[in-house]
1. How many nm is it between the label spots at residue 62 and residue 40, if each spot is 7 Å from the Cα in line with the beta carbon?
2. Could you work out, for the range 1-143, what percent of all Cα-Cα pairs fall into each 10 Å distance bin, beginning at 0 Å and stopping at the bin that holds the largest distance?
3. If I take every Cα pair under 8 Å that is 6 or more residues apart in the chain, average their sequence separation and divide by the length, what percent do I get for the relative contact order?
4. Identify which of 230, 52, 142 has the largest mean-square fluctuation in a Gaussian network model of the chain, with springs joining Cα atoms closer than 10 Å.
5. Any idea what log10 I(q)/I(0) is at q = 0.07, 0.10, 0.16, 0.17 Å⁻¹ for the chain, Debye with uniform C-alpha scatterers and no solvent?
6. Against the longest principal axis of the chain, how steep is helix 121-136, in degrees 0 to 90 to the nearest 10, with axes from Cα atoms?
7. Taking 20 °C and 1.002 mPa s as the conditions, I'd like the Stokes-Einstein D for the range 26-78 in µm²/s, using the Kirkwood hydrodynamic radius from alpha carbon pairs.
8. Please find, in a Gaussian network model of the chain (springs between Cα atoms separated by less than 10 Å), the residue of 155, 55, 100 whose mean-square fluctuation is greatest.
Ligand code: NAD
């Protein structure tokens, strides 16, 4: 059997309505998984499901829109998934917001925003699924970090700080959950051509491209492929890793 075959597996992807998350949903569906995508609003979830119904008719995909920063809401959503599908094999904590404003314009509320979604929501997801994964004999948690978790960035300081924290959660939970058969890894995307990057000013995009040896921004599918590999049995001895998928960028 193809070890990248996810038939019979249940995969949850947060921030699954567009960008890296949507490509990740698609990649798992194409390998036979049942996928539940999370989005921030009912309308964007419905739109993503409609798009998938057209591109992948008959695919086993469902959607939910819990407030990821609300631990109870996340727990309820995961419980509903377990009730309906019986298990959760893979959780991809992908939803996140980026920031680039200078410290002189940066507010404490901005800092809270980055920490709430990029860190607390990741914790909430991990916290909600680990009892299920332990009870079923194992599972995989994957987190979306960033290249800035290695270098920091020149502005928008809360964003890299939040991704350093994602790496900390990844490495710590890998150590704690390994004995329960739960692997925990992160992918650190480089500059990936999604809405998030399209929103960056041209003056910001140009020097970024020059710093990438492969001379192209990443595609969302490049990151999705890394998630599929890390979720698969082929990565069965990999845990606590932060895998850079960044075209070799040197900042
Ligand atoms: P995107 O803006 O295209 O998508 C973000 C996703 O997060 C969407 O599905 C959105 O619904 C969800 N989301 C945003 N705010 C939310 C909220 N408050 N509650 C619930 N969901 C919310 O971004 P993307 O580029 O696909 O980014 C996905 C992840 O990749 C993020 O964690 C981001 O930090 C990380 N990342 C992206 C890049 C890049 O270059 N695009 C680089 C490094 C890391």
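Please treat every number below as a calculation from the coordinates, not as lab data. None of these values were measured; they are calculated from a predicted model. All Cβ positions, glycine included, derive from the backbone under ideal geometry; neighbour counts span all protein chains shown.
1. The modelled label-to-label distance comes out at 2.5 nm.
2. 12, 41, 32, 11, 3, 0
3. Over the chain, the number comes to 20 percent.
4. Comparing 230, 52, 142 in the GNM, the peak value goes to 52.
5. -0.22, -0.45, -1.19, -1.35
6. That helix lies at roughly 30 degrees to the long axis.
7. 183 µm²/s
8. 55
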